[in-house]
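The values are calculated or read from the model by the stated rules, or taken from the named source; none is laboratory data. This is a predicted model, so every value here is computed, not measured. Virtual Cβ from ideal backbone geometry, glycine too; neighbours counted across all protein chains shown. All accessible areas refer to the heavy atoms of the entire protein, side chains included, with ligands and DNA or RNA removed. Shrake-Rupley method; radii C 1.70, N 1.55, O 1.52, S 1.80 Å.
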Amino acid sequence: MEEKALSGIKVYDLTQGVAGPHATMLLALHGADVTKIEPLEGDWSRVLGKTAGHNSSDSLAVNRGKRSLACDLKSEAGQEIARKLIAQSDIFIESFRPGVIGRLGLGYEQVQKINPGIIYVSVSGFGQTGPSSLRPAVDGLIQASSGMMVMNRTADGTPHRQGMIAVDVLTGLYVYQAISSALIRKLRFGKGAYLDITMMQCAAAFQAAKIMEHVACDGTPPPLYVPAGMFKTADGYMVVSGMRDHHFATLCKVLDRPDLANDARWPTQALRMQYGDILNTEIRKEIVKRPTKEWLKTLHDAGVFAEAVQSYSEWLEDEHVKSVQAYKWAGESDFGPLPVVRVPGVLPNDDPAETRSPLIGEHSTEILLELGFQQEWIDKQLDKGSVRESVRQP
């Protein structure tokens, strides 16, 4: 099997939820040895939404390829385990609220004394300093405070929340790229790093163009172009995009509406944006007359940008999605077979561990033996409840 970019890199993962675990999963899929340290009751993402056994669909999605060691970090044994892991790790990442990690004896300065060259990452809602730093943060709260809900408002002006945990997922991506850059810096110049990465800043970076546009347009940005948007068909919905003049002309031809193409009010894109409501209303009158598949065939054949609005079930059955193997089925979960979406850029790997999320403490003994602890000591901690281990059933 081809060597992966991060093979041999050791990660001490103290994150919970989605954002931090998403980042460390990407590290794992690129070859890093990620040791997930979680509390005895498990990472709280394990009880998000629908659950089965030790996992929810969210925890399954963001903890693939990792090993889990469950222990009480406040105990003497937990502190000893932490020190040994820190000494052997290249990357340390945590997602506690500011101040908590220091009280556990695992703040940046404390960890740096054990491992001076370590890359230390803190993932939080609002950061380690500032008036909002101690506020709790989850995806929906950051969507609200960042402007994202207003940017996605409905036609009547009501702010609208993204149905998925968009900020958590994009934060994981930003954390992963920041760690990757810090790791390259360490390999080139021998220097560790401290990274303070916040959901607030990630949401803002993701919306950078919209924030600029908001200021440039005095809070009332125009549409990117017209016609564009979602249109109801006879049996569903589709999105049509007519950005350039020839796209618009072709769309009008397909709709059999030469009057729209030749209307003197909107010969250019700039003028079409001024009459967007009128123009889109006329297009809706035509598109609703025929079913989605029929429109797609006609529009695609004519070179018009258009796609059906699909459900996840329809996406999973999509001919193109299947042909490029955009996902594969994995059966090792209490939910039964689930589709595991391929991460772009990750080298192909037939190792089933890549599609498997660990049980709570599934690898506790294995990891502790690697750290040099004796089996007798490990058994004692398991009996005392300082360490937890779960056994995967064959």
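Observations
- Under 16 Å of direct C-alpha separation, and excluding same-chain neighbours fewer than eight residues apart, Lys210 reaches these aspartates and glutamates: Asp218.
- The residues of the chain present an accessible area of 53 Å² per residue when probed at 1.4 Å with all protein chains retained.
- Expressed as a whole percent, the accessible surface of segment 92-131 that belongs to carbon and sulfur atoms is 53, based on a 1.4 Å probe.
- Rolling a 1.4 Å probe over the protein chains gives His54 an accessible area of about 50 Å².
- Gap separating the Cα centres of segment 264-287 and segment 346-394, nearest whole Å: 61
- Remark on Ala330: its backbone amide H falls under 5 Å from those of Leu338, Val340, a criterion applied only to residues 5 or more positions apart or on other chains, H modelled at 1.01 Å from N.
- Length added when fully stretched, Ala264-His300, from 0.36 nm per residue minus Cα-Cα: 10.2 nm
- The GNM of the chain, with springs linking C-alpha atoms under 10 angstrom apart, assigns the highest mean-square fluctuation among Ile118, Ile278, Ile91 to Ile278.
- Counting only protein chain heavy atoms and rolling a 1.4 Å probe, the accessible areas of Arg272, Arg265, Arg388, Arg188 rank, largest first, as Arg188, Arg265, Arg388, Arg272.
- Close amide H partners of Gly229, meaning residues 5 or more places away or on another chain with modelled amide H under 5 Å apart, are Val240.
- In sequence order, calculated HN-Hα J values of segment 229-234 (Karplus, 6.51, -1.76, 1.60; Hz; x Gly/Pro): x, 8, 10, 6, 9, 5
- Cross-link reach list, lysines versus Lys36, counting only Cα pairs under 30 Å and skipping chain neighbours closer than eight places: Lys4, Lys10, Lys50, Lys66, Lys74, Lys84, Lys113, Lys186, Lys191, Lys328, Lys380, Lys384
- Solvent exposure, largest accessible area first (probe 1.4 Å, DNA, RNA and ligands not counted), of Phe373, Phe335: Phe335, Phe373
- For segment 125-142, 3J(HN,Hα) per residue [Karplus equation, 6.51 cos²θ - 1.76 cosθ + 1.60, θ = phi - 60°, Hz, x = Gly/Pro]: x, 10, x, 8, 9, x, x, 9, 4, 8, 5, x, 9, 10, 3, x, 5, 6
- Exposure rank, largest accessible area first [Asp259, Asp139; 1.4 Å]: Asp259, Asp139
- Positive minus negative residues near Asp245 (Lys, Arg vs Asp, Glu; Cβ under 15 Å): +3
- When the inverse distances between all different Cα atoms of segment 186-298 are averaged and flipped, the Kirkwood radius reads 17.1 angstrom.
- Computed with a 1.4 Å probe on the full set of protein chains, the accessible area for Tyr237 sits at about 100 Å².
- Theoretical FRET efficiency, 1/(1+(r/R0)^6), r = Cβ-Cβ of Leu271 and His246, R0 22 Å, to 0.05: 0.85
- In this structure, His214 and Gln110 have a Cβ-Cβ separation that, at R0 = 41 Å, corresponds to a calculated FRET efficiency of about 0.45.
- Relative contact order of the chain, defined on C-alpha pairs under 8 angstrom at six or more residues apart (%): 19
- Heavy-atom accessible surface of segment 229-285: percent carbon and sulfur, 1.4 Å: 55
- Förster radius 22 Å - calculated FRET efficiency between Lys74 and Glu376, Cβ distance, rounded to 0.05: 0.45
- Under the simplified labelling scheme, the Arg290-Met149 pair shows an inter-label distance of 4.1 nm, with each label point 7 Å from Cα along Cα→Cβ.
- Share of carbon and sulfur in the accessible area of segment 1-66 stands at 54%, probe radius 1.4 Å.
- Pair Tyr327, Gln88: separation of 7 Å Cα→Cβ label points (nm): 3.6
- Among Ala330, Ala178, Ala308, the residue with the largest mean-square fluctuation in a Gaussian network model of the chain, with springs joining Cα atoms closer than 10 Å, is Ala308.
- Remark: segment 360-372, residue by residue, has Karplus-estimated 3J(HN,Hα) of 5, x, 4, 10, 3, 5, 4, 5, 5, 4, 5, 6, x Hz, where x stands for each Gly or Pro and the curve is 6.51 cos²θ - 1.76 cosθ + 1.60 at θ = phi - 60°.
- Long-range HN-HN contacts of Gly361 with modeled amide H, under 5 Å: Leu69, Ala70
- Contour minus Cα-Cα distance for Asp256 and Leu48 (0.36 nm per residue): 69.9 nm
- With only the Cα atoms considered, segment 88-145 has a convex hull volume of 90 Å³ per residue.
- Counting only protein heavy atoms and using a 1.4 Å probe, the accessible area of Cys71 comes to about 10 Å².
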